[in-house]
């Protein structure tokens, strides 16, 4: 089984994760940090789906033909991770809104909040 067709997907997911990590480590704005965490989440989801792909595989539906089936577990995991990721993102944005109402800014270094 070869994964030459999936190499661009691995590169794209690795790039998304790397860009997200860069944003989390270097940015001081809460919104940029939250969006960077969303990029990391998306990159990991793409990577999981790509790892579950099987070249030449078919849907796991019993029709009498015993061909090579694609494993449905990674897709189910990613669907669950998307729902959890959206919930966490909404909670993080609500926290950012509360912080903005309290301080008047989303910059973490303005109010003496130490990031590192």
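Since every read-out is calculated from the coordinates, none of them should be taken as a lab result. This is a predicted model, so every value here is computed, not measured. Backbone-built Cβ (ideal geometry, glycine too); neighbour counts: all protein chains shown.
Which part of the range 25-41 falls in the paramagnetic zone of residue 93, meaning amide N under 20 Å from the point 7 Å along Cα-to-beta-carbon? Within reach of a label on residue 93: 28-41. Quick note on the range 1-53: its Rg to Rh ratio, both from C-alpha atoms and Rh being the Kirkwood radius, is 1.11. Among 16, 77, 47, the largest mean-square fluctuation in a Gaussian network model of the chain, built with springs joining Cα atoms closer than 10 Å, belongs to 77. Mind pulling the angle between the C-alpha long axis of helix 30-52 and the longest principal axis of the chain? Nearest 10 degrees, somewhere in 0 to 90. Value to nearest ten degrees: 10.
Taking the C-alpha atoms only, the angle from helix 7-26 to the longest principal axis of the chain is near 10 degrees. Treating r as the C-beta distance of residue 107 and residue 62 and R0 as 35 Å, the FRET efficiency rounds to 0.05.
So for the range 15-113, Kirkwood radius off the Cα pairs, Stokes-Einstein at 37 °C and 0.692 mPa s: how many µm² s⁻¹? Result for D is 206 µm²/s.
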